[in-house]
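Novice: Take this structure, written in structure tokens, and hold onto it; I'll ask about it next.
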Number of protein chains: 2
Amino acid sequence: MILLKNGLIVAQDGERRIFRGDVLIDGDRIARIAKNIEERADETIDCTGDIIAPGLINTHGHVSMAIMRSSADDLQLHDFLDRTFAMDAKRTRQDVFWGSMLGILEMIRTGTTSFVDLYYWEDEVAKAVKETGIRGFLAWATLDEEFTTQEGNPLSNAEHFIKSHSDMERIYPMVGIQGVYAASKETWMGAKQVALEHGTMTHFHLSETRKEVYEHQAKTGKRPAEWLDDIGFLGDESLAAHGVWLTVNEIRRLARNGAKISHNPTSNMKLATGGYAPLPEMFREGVSVSLGTDGCATNNNLDLMEEMKFAAIMHKAHRWDATVIPAQKALDMATIDGAKALCMEEIGSIEEGKKADIIILDGNVPEAIPLTDETVVPNLVYSMRGDSVKHSIIDGKIVMRDRKVFFDEETVKRRAQELGERLISRQI
Amino acid sequence: MILLKNGLIVAQDGERRIFRGDVLIDGDRIARIAKNIEERADETIDCTGDIIAPGLINTHGHVSMAIMRSSADDLQLHDFLDRTFAMDAKRTRQDVFWGSMLGILEMIRTGTTSFVDLYYWEDEVAKAVKETGIRGFLAWATLDEEFTTQEGNPLSNAEHFIKSHSDMERIYPMVGIQGVYAASKETWMGAKQVALEHGTMTHFHLSETRKEVYEHQAKTGKRPAEWLDDIGFLGDESLAAHGVWLTVNEIRRLARNGAKISHNPTSNMKLATGGYAPLPEMFREGVSVSLGTDGCATNNNLDLMEEMKFAAIMHKAHRWDATVIPAQKALDMATIDGAKALCMEEIGSIEEGKKADIIILDGNVPEAIPLTDETVVPNLVYSMRGDSVKHSIIDGKIVMRDRKVFFDEETVKRRAQELGERLISRQI
């Protein structure tokens, strides 16, 4: 048992309660939340002056691309894609594993306890999940064979990955689809069928760029989300990333099917693919929206706390309305709405009986002051950064204590530096 | 003498050189930059694996508002102003002093070594500058007497402040002007005269909101920057903050007079005052543009590294062009262009003979990996955060070593928490 003593708890429960108290963790679950719990625990963490919050949930990314960080910046989209794909094609399994280790290390250090990944060689990412203690929702990317560099048939690869990773702790295999520009109707529906058979979710890129939308429209006469609805793909197991170039009609179709959106503001802004994901309309129509950092090639970090701030202020600026996406909503998107995106009610808030995915943040850094029940949420969203995360507990296990992760951080950084440097130098 | 050994130096000199080497500091100056300096120094800092960069320059803010952090978020502008001014009117000298201490602590910890402040009671801010070792460009705000809560005449107060702070180390008094909405022609020209007499700069808000522009136009028939040019105010001693609602004609007038702009992207986005400061046009016309965080009421932190990222990606998104404000330009705005904004060529880059305002950043944090000569600048701008600043040297003095500042940090935080909590609770 682990006892968290005397923190300012941002519960993210139904009432969004904020209160001072203790949290008792038994196994992988939150056993009790109360003032002055006297129980004897194996480990007690004094949280006086600190903030206890649910672990953050990053619902879209390509974690292993962390070792390609800062290698293709400030380029027009076609130049960016040329360069990134060229590097990607040269990657080895080793690059993917150590890249994932680097990205997960970064995520844990910035408060993320669950992440969604879309890539190939997800078995390598799964190994990194296993070694680091994070919770991973891993979508093996499928696409038409004519577009892939994967060995073998992508759909078979995905199914094999799911079968071989279905009973592993903290690993939730999913079926990925690259996007309408690389997948035929058969691939989309094949992916859905695999997902339904194995009770997993699907995760895919959707309407990130205008080009993608217009080309699909030219080819099929329909916009991507319309088309996905019409072919019978969309369902409540659908988690779409980006969703920038959506019409209100498409948003309604997503809502009707229970499909979810992962919003990636930093990546969209940095790639300059234009437009702003229509979040207020998604909220109005009842689409669940969560937050993703996307990969390091387009962000270039994995700090979901920064992403909360960007999301909130980007939409304020775009709508000329400072009330759009208030701090509480930004925090919701990174926590409880992320849990909804994954159809996983066990995470995303601090409530008795839920999984113990909890972060403790330093309430005594200058940027957290003044700290009161009223300022704690705006502080988390607008002024604090991922670096203020002191401890991280995932699935009831302390994976980081006083900013020291339990696995060998130095080896991760050394290997990632070596491999990343080689990968980038071969490209430049 | 202080010797920085074996760092990756991002010089920000004319050639924007990046190289590995040592930096020798003698007194307040950079004495030598070379590989393997053998000189015996009083203090040697091993920078192996770390990044040596010029200290960042924050060219607009209200530092003492740090204790009002997160007290007025997600509000429409008039509600925000009502609330902030109400709190502001209740502030004591003590609030301003400890608020400044908190804000400066935060700035030092995130790599800022010089900052510009616009407020009243700048003598309290000056005390905080003195105690913390930072470099402060302090503009006492003048405005028409009918609008002020200052005791006495604001212009006399400003002049008194300048006279009494003209020979102090690291303190550069300036004349502030609130903005066209609160200052008549007489006040503007009075401020300029004081500035010219004492050889200081002027610092003021300019065209932050449409309301300000349209009301001024209704009153005078001219847009603010036009009007300031016509009354003879603008000069190369003019440092204007915001500059969002400017026409190309106004930008040309600013350029012709050598006036400078401090760009405050986060504040502008968060307040949702609409529009985007026309930076590409400012660059084209030759206006010097630097970066400011603005105050904590509108940001809500003072991390200039975050500001670099926001500046770069905001304009990419707005222009649908990823090549706008590349990483190098964002870093320039926060360093060498900040020095230009202050007409102070002695800071902003690492070159022999310049002031020793230097930060050393941890090159071994996950978000800095891979670290190469090619990735270091995009890493600084896009992936790293202020928290990676390990050491800070200002005016040749180590003000922070291994993230410990030389002054009493705990007292600053305790006092700021007490006073901030009181200030906010009286308001809510």
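Novice: Sort shortest first the distances from A:Glu281 to its counterpart in every other copy, using label points 7 Å along the Cα-to-beta-carbon line, and give them in nm.
Specialist: 2.8
Novice: If you don't mind, there's one more thing I want to ask. Anyone know which of A:Leu24, A:Leu380, A:Leu56 comes out most mobile in the 10 Å Cα GNM of chain A?
Specialist: A:Leu24
Novice: Here's something else I'd like to know. Please list, by residue number, every one of the trypsin sites (Lys or Arg not before Pro) in the range A:360-408 that is coil in DSSP and has at most 16 other beta-carbon atoms within 10 Å. The partial results should precede the final answer.
Specialist: Details: sites: A:Arg385, A:Lys390, A:Lys397, A:Arg401, A:Arg403, A:Lys404; in loops: A:Arg385, A:Arg403.
Filter output for the range A:360-408: A:Arg403.
Novice: Continuing with the same structure: Helix A:210-220 sits at what angle to the longest principal axis of chain A, using alpha carbons and giving 0 to 90 degrees rounded to 10?
Specialist: 50
Novice: In the range A:16-79, what trypsin sites (Lys or Arg not before Pro) fall in a loop by DSSP, with at most 13 other Cβ atoms inside 10 Å? Before the final figure, lay out each step's value.
Specialist: On the way: sites: A:Arg16, A:Arg17, A:Arg20, A:Arg29, A:Arg32, A:Lys35, A:Arg40, A:Arg69; in loops: A:Arg16, A:Arg17, A:Lys35, A:Arg40, A:Arg69.
For trypsin sites (Lys or Arg not before Pro) across the range A:16-79 that sit outside H, G, I, E and B with at most 13 neighbouring Cβ atoms in 10 Å, the list reads A:Lys35, A:Arg40.
Novice: Need the C-alpha centroid separation for the range B:150-202 versus the range B:215-260, integer Å.
Specialist: 19
Novice: Further, regarding this structure: Suppose we keep just the DSSP beta bridges with both residues in chain B; what percent of those would be antiparallel, to 5?
Specialist: Bridges in chain B are about 40 percent antiparallel.
Novice: Also, quick follow-up: Give, rounded to the nearest 20 debye, the magnitude of the charge dipole that the range A:253-341 has about its Cα centre when Lys and Arg contribute +1 at Cβ and Asp and Glu contribute -1 at Cβ. Don't skip to the end; give the middle numbers.
Specialist: On the way: 10 positive and 9 negative charges, 55 e Å.
It works out to roughly 260 debye.
Novice: For labels at A:Trp320 and B:Phe406 in the simple 7 Å Cα→Cβ model, what's the distance in nm?
Specialist: Distance between label points: 5.0 nm.
Novice: Which chain B residue sits with its beta carbon nearest the axis carrying B onto A, and how many Å away is it, rounded to a whole number?
Specialist: Nearest-to-axis residue on chain B, with distance in whole Å, is B:Asp387, 2.
Novice: Classify the range A:56-341 as rounded, prolate or oblate, taking a ≥ b ≥ c as the square roots of the eigenvalues of its Cα gyration tensor: rounded when a/c is under 1.5, otherwise prolate if a/b is larger than b/c and oblate if not.
Specialist: Cα axes put the range A:56-341 in the rounded bin.
Novice: Loop-only check: which GluC sites (Glu not before Pro) in the range A:15-79 are DSSP coil with at most 11 other Cβ within 10 angstrom?
Specialist: Hits after loop and neighbour filter: A:Glu15, A:Glu38.
Novice: Okay, next question. Counting Lys and Arg as +1 and Asp and Glu as -1, what is the net charge of the other residues whose Cβ lies under 12 Å from the Cβ of A:Ala141?
Specialist: Numbers: positive: none; negative: A:Asp88, A:Asp117, A:Glu122, A:Asp144.
That sum, taken over residues with Cβ under 12 Å, equals -4.
Novice: Sticking with this structure for a sec: Using a Gaussian network for chain B with springs between C-alpha atoms less than 10 Å apart, which of these wobbles most: B:Val213, B:Val125, B:Val365?
Specialist: B:Val365
Novice: Which distances, shortest first and in nm, link A:Ala218 to the matching position in the other copies, using label points set 7 Å out along Cα to C-beta?
Specialist: 4.9
Novice: Based on the Cβ-Cβ distance of B:Leu77 and B:Ala255, what FRET efficiency does E = 1/(1 + (r/R0)^6) give at R0 = 30 Å, to the nearest 0.05? Present the calculation step by step, with values, prior to reporting the outcome.
Specialist: Working: r = 29 Å, r/R0 = 0.97.
My answer for the efficiency is 0.55.
Novice: Can you tell me the orientation of helix B:304-319 relative to chain B, as the angle in degrees between its alpha-carbon axis and the longest Cα principal axis, to the nearest 10?
Specialist: 60
Novice: Calculate the FRET efficiency for B:Glu151 and B:Ala218 from the Cβ-Cβ distance with a Förster distance of 35 Å, rounded to the nearest 0.05.
Specialist: 0.65
Novice: Turning to a different aspect of this structure: Just to confirm the numbers: A:Gly199, label point 7 angstrom along the Cα-Cβ line, distances to the other copies in nm, shortest first?
Specialist: The projected label point of A:Gly199 is separated from its counterparts by 8.0 nm.
Novice: Among A:Leu246, A:Leu81, A:Leu138, which one shows the highest mean-square fluctuation when chain A is modelled as a Gaussian network with alpha-carbon springs under 10 Å?
Specialist: The residue that fluctuates most here is A:Leu81.
Novice: Between A:Asp46 and A:Gln94, what FRET efficiency follows from the Cβ-Cβ distance if R0 is 45 Å, with the result rounded to 0.05?
Specialist: After rounding to 0.05, the efficiency reads 0.65.
Novice: About the Cα centre of the range A:268-406, how large is the charge dipole given +1 on each Lys and Arg Cβ and -1 on each Asp and Glu Cβ? Please answer in debye to the nearest 20.
Specialist: Roughly 320 debye for the range A:268-406.
Novice: Using +1 at the C-beta of Lys and Arg and -1 at the C-beta of Asp and Glu, which of A:Gly103, B:Met305, A:Ile134 has the Cα lying farthest in the positive direction of the dipole of the protein assembly as shown?
Specialist: Final value for the positive-end residue is B:Met305.
Novice: Hey, another quick one. Is the shape of the range A:317-383 rounded, prolate or oblate, going by the alpha carbon gyration tensor and its root eigenvalues a ≥ b ≥ c, with a/c under 1.5 for rounded and a/b larger than b/c for prolate?
Specialist: Here the range A:317-383 falls in the oblate category.
Novice: Hey, what did chain B get for relative contact order, percent, Cα under 8 Å, at least 6 apart?
Specialist: 21
Novice: Nearest 10 degrees is fine. How inclined is helix A:154-164 to the longest principal axis of chain A, computing both from alpha carbons?
Specialist: 30
Novice: Using 19 Å as the cut-off for backbone N distance, which residues of the range B:122-143 belong to the label zone defined by a point 7 Å from the Cα of B:Arg426 along Cα→Cβ?
Specialist: Within reach of a label on B:Arg426, which here means backbone N under 19 Å from a point 7 Å along Cα→Cβ, the range B:122-143 contributes B:122, B:124-125.
None of the figures in this text is laboratory data; all of them are computed from the coordinates on show. Since the model is a prediction, treat every value here as computed from it, not as a measurement. No Cβ is skipped: glycine too gets one built from the backbone with ideal geometry, and neighbour counts run over all protein chains shown.
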